[in-house]
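To start, the structure under review is shown below, and the notes come after it.
The values are calculated or read from the model by the stated rules, or taken from the named source; none is laboratory data. All values reported here derive from a predicted model rather than from experimental measurement. Cβ coordinates were reconstructed from backbone atoms using ideal geometry, including for glycine residues, and neighbour counts include every protein chain displayed. These accessible areas exclude ligands, DNA and RNA; they are computed on the full protein's heavy atoms, side chains included. Shrake-Rupley method; radii C 1.70, N 1.55, O 1.52, S 1.80 Å.
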Amino acid sequence: ERLARLGLRVVESPEELPDGARVLIRSHGVSRAVYEQLRAKHAEIIDATCLRVAKIHDIVRDASAEGKLIVVIGEPTHPEVMAICGWCGESVVLRDAAEVADWWKNNPAAAEKAVCVVSQTTQTRKNLDECVNFLKKQCTNCESFDTICKATSLRQNEAMALAAECDAMVVIGGRHSANSLHLADICSELCPNTQFVENASELDLQRLRTADTVGITAGASAPAWIIKEVKQKMTDEIKIEEATIPEVAAEEEVEKTFDQMLEDSLKPIYNGDTVTGIVAAITPTEVSVDLSTKHSGYIPVSEFTDDPSVKISDILKVGDTIQASVVRVNDVEGTVMLSKKRLDAVKNWNDIETAREEGTVVEGTVTEENKGGVVVSVNGIRVFVPASQTGLGRDVPMSTLLKTKVRLRITEVNRSRRRVVGSIRAVLAKERKERAEQIWNEIEVGKHYDGVVKSLTSYGAFVDIGGVDGMVHVSELSWNRIRQPADVVSVGEPIDVFVLNFDKENHKISLGHKKPEDNPWAKFTGTYNVGDVASVKVVKLMNFGAFAEVMPGVDGLIHISQIANRRIGKPGDVLTVGETVDAKITNIDNDNQKISLSIRALSEPEAPAAKPEADEMDYAPAAPAEDALVYEVSTTGEATGEQPVDVE
C-alpha cells in the first residue's frame with residue numbers, strides 16, 4: 001500500500017502490462033516463461049530476485065537438463081516455490097517428511113530415478129534435514145542442496161533462543177510471509193504465550209500484562225516502522241522498562257545503507273580478533289566460513305575434535321553460526337586462517353575458574369595415569385586429580401579409570417602456571433551421602449537392591465547398595481554348602497540383594513542373596529515322595545554309611561545296612577565316590593531336612609500282603625503244634641542256632 005501511493009502498481013501476469021513497461025521483479029523471482037513473456041513485450045526489467053533464489057533456479061535447470069526428478073521442500077502455492085518449478089521439467093513439491101513418505105510410497109517408479117532436492121529459502125533446518133534423510137535412505141541416487149537462506153536461518157536461531165528465555169513472544173510479519181509464519185511456529189513451540197501480528201492494532205495487550213519478559217522478533221520483510229509502532233504501543237500502555245528491550249536486529253538491517261554495508265565488508269581483520277561467521281562448506285580437511293567480508297575464512301577439521309572416529313558432518317552443518325579466533329590473515333589470497341580451539345580455550349579457562357569459585361561440578365574424561373594420580377580432560381583443559389581424591393579403594397588400580405567419564409569438583413586453579421587440581425572423591429562423597437539419606441528414608445524389609453560387593457570376611461560379604469553398606473551372611477549367599485564367601489562372590493562384582501532386617505539407629509542392614517524359589521529342599525519335596533526311586537551320586541563315604549546327592553544341594557544317607565542284601569565291612573567295599581546308583585527313598589524328615597535312602601530295598605521282594613483279620617476269615621485257624629520251634633535270627637538274616645525257645 002505504501003509503495004502504491006508512490007506510483008507502483010502490482011500485476012499478477014505479463015498480460016496485464018502494456019508494451020515497453022518498466023517492470024520490477026520481486027525477490028521471490030518468477031518462472032522462465034514470465035521472463036520470455038516480458039521480453040516479448042519489450043519490457044524494461046528491473047530484476048530484484050534474491051541471489052540465493054536465482055541460484056536455486058540455476059540448480060534445478062541444470063539438474064532437470066540431466067534428466068533428474070526435482071523435489072522441492074516448501075509450500076506449493078508460495079510464489080518462490082512456483083517460480084522454482086518454472087525453471088525445471090518434472091518436479092514435485094512436498095511440505096514435510098510425512099508428505100515425502102506418502103509420495104514415495106505411492107510413486108514406486110521414483111525409486112528408479114535420480115533425484116535432486118532443493119528447498120524454499122525460508123524452510124526450517126529441522127524440516128529440511130528430516131526430508132533429505134528420508135530420501136537418501138530410500139533413493140540410491142539422491143543429490144541435495146542446502147538452499148536455506150543464511151539470514152533466515154540465523155533469524156530462526158535467534159528467535160528460538162529468545163522464545164526459550166521469555167514469558168511471552170510477539171512475532172511481527174505478514175500472514176502470507178513464509179519466513180514470518182515459520183518464526184511464529186518456532187516461538188509457539190518454546191513459548192505458549194506467542195502472538196503473531198501484522199501491525200500494532202492486532203496486539204493483545206492483556207496477554208502480555210502477566211509476563212515479566214516479552215520478546216519481539218519480526219519476519220525479514222516486516223517494515224521497520226511497523227516494528228517501531230508495535231514496540232511503542234507496548235512501551236506506552238504496559239510501561240515496559242526500555243532497558244529490557246533490545247534493539248530489533250531487523251530494524252538495524254533495514255536502516256543500514258548500502259554504503260554502510262559495503263564499509264562493514266571492507267573492515268580489516270587482525271590476528272587475535274574474534275569473528276563470527278556462517279559455515280559455507282565442509283570438506284574432509286577444512287571448514288569454510290563466510291565472514292561477510294572480503295576475506296574467506298577456513299578452520300582445519302582437527303580444530304573440532306581429537307577423536308578420529310568422529311565425522312565432522314555429525315557435529316557441524318552448513319548454515320551453522322560459528323565463532324573463532326583469527327590466527328593468520330593472507331591479504332594476497334584473501335583468506336583468513338581461524339582457530340576454534342584458541343577461542344574455546346579462553347572460554348573454557350573462564351568456565352574452570354567459575355566452577356572453582358562457585359563449587360559447581362564439571363565432567364571430563366580420564367586420559368592418563370601417573371604416580372600421583374590421574375589426569376582428566378575437561379573441555380580440553382588438563383585437570384590433575386591426586387590418588388587420594390580419585391575415590392578408589394586402596395587395592396583398586398587407578399588404571400580402571402582410564403577412558404571413563406568422571407564428575408569432579410575443581411579445588412585449585414593457577415592460570416599463569418596452567419595448573420588445575422580437582423577431586424572426584426568430593427563429588428562421590430556428596431552423592432553417596434544424598435543416596436544414603438534416600439535409602440534410609442525408603443528402606444523396608446524385602447526391598448530389592450542392585451548392589452556391588454565391597455569387601456569379604458570369613459563370615460560374609462559387605463555390599464554397597466548405593467550409598468549404604470549392608471552385610472550378607474555366608475549362610476545367605478548360597479543354598480549350597482560353601483566354605484567361604486569367596487567361593488560365591490568377589491570384590492567389585494554386582495549382586496542382587498534384598499533386605500532381611502535393618503536398624504536405623506545403629507545404621508545396620510542385614511541382606512539376603514539366595515532366593516526362596518531357588519531352595520533345593522523345596523524343589524526336592526516338590527519332585528519326590530517316600531517310595532520313589534532316584535538316581536543318586538555318591539559324594540562321601542563314612543563308617544556308618546554313604547552320603548549321596550539326590551539333586552544339587554540335597555543329599556541323602558544310605559545307611560550301611562541298606563547298601564547291600566548281605567553283611568559288609570564298610571561302605572567302600574561296595575560303593576565309590578562319584579558313582580551313580582539307583583536308590584529308594586525310604587524316609588523324608590521335613591523338620592530336619594534329612595533323607596533316608598536304600599539300595600537294598602530295590603533288591604528285596606515286595607513284602608507279602610497283610611493277613612486278613614480273624615472275623616474276615618471263612619475258616620478256623622489251625623492250632624500251633626506243641627513242639628513248634630522259633631529261631632533267633634540276626635539282623636543280617638543268618639540263623640544263630642537251633643535251640644528251642646518259649647513262645648507266647
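Below are the figures for this structure:
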{"quantity": "Count of residues meeting criterion [open to solvent by less than 50 Å² (accessible area, probe 1.4 Å) and either polar (S, T, N, Q) or in contact (Cβ under 8 Å) with a residue 40 or more places away in the chain (or both)] in segment 338-352", "calculated": "6"}
{"quantity": "Any hit, segment 604-613, residues being part of a strand (DSSP E or B) and either farther than 23 Å from Ile482 by Cα or modelled with pLDDT of 85 or more (or both)", "calculated": "no"}
{"quantity": "Residue count, segment 465-474 (criterion: under 14 Å from Gly492 (Cα atoms) and touching a helix residue (DSSP H, G or I) at 6+ places or on another chain (Cβ under 9 Å))", "calculated": "2"}
{"quantity": "Criterion violated by Phe502 - all others in (1) touching a Leu at 6+ places or on another chain (Cβ under 7 Å); (2) in a strand (DSSP E or B) satisfied", "calculated": "(1)"}
{"quantity": "Leading residue by the ranking (surrounded by the fewest Cβ atoms within 10 Å (Cβ to Cβ)) among those in segment 570-586 that are in a loop (DSSP other than H, G, I, E, B) and of a type outside the set (A, V, I, L, M)", "calculated": "Gly578"}
{"quantity": "Residues of segment 5-32 that turn out to be closer than 27 Å to Gln123 by Cβ and either open to solvent by 70 Å² or more (accessible area, probe 1.4 Å) or not in a loop (DSSP other than H, G, I, E, B) (or both), as a count", "calculated": "6"}
{"quantity": "Cβ pairs under 9 Å, 6+ apart, first in segment 43-71 and within 16 Å of Val93 (Cα to Cα) and in contact (Cβ under 8 Å) with a residue 24 or more places away in the chain, second β-branched (Val, Ile, Thr) and open to solvent by 30 Å² or more (accessible area, probe 1.4 Å)", "calculated": "Val71/Val93"}
{"quantity": "Conditions (1) under 11 Å from Gly422 (Cβ atoms); (2) open to solvent by 80 Å² or more (accessible area, probe 1.4 Å); (3) not in a helix (DSSP H, G or I); number of the one not met by Gly364", "calculated": "(2)"}
{"quantity": "Long-range neighbours under 7 Å by Cβ, at least six apart or interchain, first residue more than 12 Å from Gly334 (Cα to Cα) and part of a loop (DSSP other than H, G, I, E, B) within segment 290-310, second open to solvent by less than 70 Å² (accessible area, probe 1.4 Å) and modelled with pLDDT of 80 or more", "calculated": "Phe304/Ile312; Phe304/Leu316; Phe304/Lys340"}
{"quantity": "Any hit, segment 559-575, residues being among the hydrophobic types (A, V, I, L, M, F, W, C), touching a residue at least 40 places away in the same chain (Cβ under 8 Å) and on the phi < 0 side of the Ramachandran plot", "calculated": "no"}
{"quantity": "Given (1) in contact (Cβ under 8 Å) with a residue 60 or more places away in the chain; (2) surrounded by fewer than 16 Cβ atoms within 10 Å (Cβ to Cβ), index of the condition Ile443 fails", "calculated": "(2)"}
{"quantity": "Pick from segment 462-479, criterion within 18 Å of Asp503 (Cα to Cα) and small (Gly, Ala, Ser), ranking: farthest from the chain's Cα centre (by Cα)", "calculated": "Gly470"}
{"quantity": "Single residue of segment 451-464 satisfying the filter (out of contact with any Gly (no Cβ under 9 Å at 6 or more places or on another chain) and open to solvent by less than 10 Å² (accessible area, probe 1.4 Å)) that is nearest to Ser490 (Cα to Cα)", "calculated": "Ala461"}
{"quantity": "Residues (of a type in the set (S, T, N, Q) and not in a loop (DSSP other than H, G, I, E, B)) located in segment 146-163", "calculated": "Thr152, Ser153, Gln156, Asn157"}
{"quantity": "Odd one out for Tyr35, checked against (1) over 27 Å from Ala220 (Cα atoms); (2) assigned to a helix (DSSP H, G or I); (3) without any contact (Cβ under 8 Å) to a residue 24 or more places away in the chain", "calculated": "(1)"}
{"quantity": "Tally, over segment 15-50, of residues that are among the charged types (D, E, K, R) and under 22 Å from Cys85 (Cα atoms)", "calculated": "6"}
{"quantity": "Residue pairs meeting the criteria (Cβ under 6 Å; at least 6 apart or on separate chains; first assigned to a helix (DSSP H, G or I) and hydrophobic (A, V, I, L, M, F, W, C), in segment 421-437; second modelled with pLDDT of 80 or more and open to solvent by 100 Å² or more (accessible area, probe 1.4 Å))", "calculated": "Val427/Arg407"}
{"quantity": "Residues being open to solvent by less than 60 Å² (accessible area, probe 1.4 Å), closer than 30 Å to Arg567 by Cα and assigned to a loop (DSSP other than H, G, I, E, B) - total across segment 510-554", "calculated": "3"}
{"quantity": "Output for segment 314-337, where each listed residue is open to solvent by less than 60 Å² (accessible area, probe 1.4 Å) and under 29 Å from the mean Cα position of the chain (by Cα)", "calculated": "Leu316, Val318, Gly319, Asp320, Ile322"}
{"quantity": "Which numbered condition Ile226 fails, given (1) surrounded by 16 or more Cβ atoms within 10 Å (Cβ to Cβ); (2) at pLDDT below 70; (3) over 24 Å from Thr124 (Cα atoms)", "calculated": "(2)"}
{"quantity": "Selection within segment 45-87 - farther than 21 Å from Cys149 by Cα and either modelled with pLDDT under 90 or not hydroxyl-bearing (Ser, Thr, Tyr) (or both)", "calculated": "Ile45, Ile46, Ala65, Glu66, Gly67, Lys68, Leu69"}
{"quantity": "Selected residue (criterion: surrounded by the most Cβ atoms within 10 Å (Cβ to Cβ)) from residues of segment 38-52 that are in a helix (DSSP H, G or I) and not basic (Lys, Arg)", "calculated": "Leu38"}
{"quantity": "Any chance Ser634 is modelled with pLDDT under 85 and farther than 26 Å from Pro520 by Cα", "calculated": "yes"}
